[in-house]
1. Compute the distance in nm between two label points, each set 7 Å from the Cα along the Cα-to-Cβ direction, one at SER96 and one at ARG347.
2. Answer with one residue from ILE353, GLY298, THR318: the one whose Cα lies farthest towards the positive end of the charge dipole of the range 274-378, charges on Cβ with Lys, Arg +1 and Asp, Glu -1.
3. Which label marks the calculated value of Rg and Dmax of the Cα atoms in Å, given the options [x] 26.7, 101; [y] 24.9, 76; [z] 23.7, 70?
4. Take every Cα-Cα pair in the range 148-245 and report what % of them are more than 17 Å apart.
5. With a 1.4 Å probe and every protein chain kept in, tell me what percent of the accessible surface of the chain is carbon plus sulfur.
6. For a quick check of your reading of the filter: which GluC sites (Glu not before Pro) in the range 43-80 sit in a DSSP loop and have no more than 14 other Cβ atoms within 10 Å?
7. Computed over the Cα atoms of the range 23-119, what is the ratio Rg over Rh, Rh following Kirkwood?
8. In vacuum, with every alpha carbon of the range 229-388 counted as one equal point scatterer, what does the Debye formula give for log10 I(q)/I(0) at q = 0.17, 0.19, 0.20 Å⁻¹? Two decimals, please.
Amino acid sequence: MGALGACSPQSASSKAQDDTAAAAESGTSAWRVAPELVTDIAQTYDCDVLVIGLGHAGSCALRAAAEAGAVAYGMDEHSEEGWSYTGFQMGHINSSYLKSKGIPEVDPIEFVNDWQVRSNNRSNPALIMKYAKNCGATFDWIFDNLGESDFETFSIMHYKPEGPFKKELSGLKSWVGTATAGGDLLTEALHRCKEAAQQSGGDVLFETKACQLVTDESGAVVGAIGEGPDGYVQVNAAKGVIIATGGFGTNAEMCQDLLYEIKESLGPNDEITNALDRDGTGIQMGYWAGGRLDPCMGTMDGAYWYPCDSPTDPLGATAALWLNADGKRYCNEGFGSTELMAMPGARQPDGQIVTVFDSNVEELLNAQPFGHMSFDVTSGFDTLHATMEKAYAGGAQGSAEEDESTGAEAGTNKAEGGAACMYAADDLETLGTYLGYEGEALDNFVASIERYNDLCAQGVDEDFGKDPSLMIPVSNPPYYAYGGTKALGVLMVTVAGLLIDENGQVLGNDYRPIKGLFAAGNASGSRFGWQYFTSIAGQSLTMAHTLGKMTGEYVASL
């Protein structure tokens, strides 16, 4: 029996160090070289199913495996007190909760076909169909202990009783289905996995960072080794190990090696940065055990840019008029979802990209699809109108506010932090001047808006093919605009890892499943294309929940 994995630096042998040096000399990234196995095991545990990483996917996998009758263990590097979750938007279809709100059911076939178009058919269609058919039931399962008063604290983004509940733009669809749980209800629901594990005869090993997979003579994965407070522990798993350790966005070496599209798109002042993701440990362990990496390493953000590109963007990813640093329109601003419409922004000249709109902004906002980063009209327009009023009153200063701690103006994009500064003027030339355009760029700015208005009057976008329903002119003064300096490489998380089949089983070099090895959540691939995309805001979490649960149940059934 052997082990494959990522040991801590203090346990790396001289042989492992030599292997790393040889890898560097040969041009191979050092992370791809497995260190020598750990032998000084302080404690051993036996179970049916081991889940490594108890985030959104891992928590659901652990609870599901335990409830399916398996003795289940969890292993997580965090302390129990520090065991927390990022994210709260859950995008799903056909749950009892959505049905109770009168939201129509979605045909899974229609949903999957749209998904596969978005991913250029790179996603595993069997896996996505499993997700589509089960995500509503998974939502019900996660919250199966809540009462009516608890559900009263939930809300649904983009939900308006009068509809419409579905839109199609440029051949791509979107649906209403993003629920937000009140208070700590989602965290409390996911924490139930510990109780389920203990009731199954298993447990959760906190403050234990997985570092190696244990394999038998045939290459099957039969357990894992982790480093805990009292030394190394080995957990033997008779049915399988599920890697749910998240992505690799904080591992600079893996980012440089695997995120080649982003790396080749970076400008001279850009770099790949991340603060929310994981270090890729689980993906490394699976790779060393013979697992294939998804060749399409997608990310959430980092490879595209639209004006501001920030959660504090005043209009979100609204399909307004977008102009580049030369004052020129450059794309169909309403092509599908945010991630697709914003891709051309990455190829624009360095400098700012701006959104331009007018006083008739509510008509524009009400015409949007229900995607990731789109403006949620159910939250109302008061905050936006207050910013617009401040921008108009501010003249050349716009809506900017000074940071009392630094004396600096508010930031204008995600890389800089802070909200975008909005400007307003009664004529287009003045507005362009406020934005910093001058000379030929200022002339282009005015001409581009006038051209756009002509196209809106025609009802046909002859330049870029924007859907007629979104062709709303910039013709009702005052005129407004804001923007951000194009910056690539700023990631939230990576959304690909080990290539898996429809059961969550990791595929080997021959594209056949590796016995005993599974992955879920952002440690797994086979789900997205080059970018996270969404037909419903919040699908990243719901996919983690659903496929985590389904994988846990499958492994328990073996």
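1. Result for the modelled spin labels: 4.9 nm.
2. Projecting each Cα onto the dipole axis, the largest value belongs to GLY298.
3. [y]
4. That tail contains 71 percent of the Cα-Cα pairs.
5. 48 percent
6. Working: sites: GLU67, GLU77, GLU80; in loops: GLU77, GLU80.
Those that pass, being in a loop and sparsely packed, are GLU80.
7. 1.13
8. Log10 of I(q)/I(0), two decimals: -1.06, -1.21, -1.29.
The values are calculated or read from the model by the stated rules, or taken from the named source; none is laboratory data. Here the structure is a predicted model, which is why all the values come from computation and not from measurement. Cβ sites come from the backbone with ideal geometry, for glycine too, and all protein chains shown count toward neighbours. Keep in mind that these areas ignore ligands, DNA and RNA; they rest on the heavy atoms of the full protein, side chains included. Shrake-Rupley method; radii C 1.70, N 1.55, O 1.52, S 1.80 Å.
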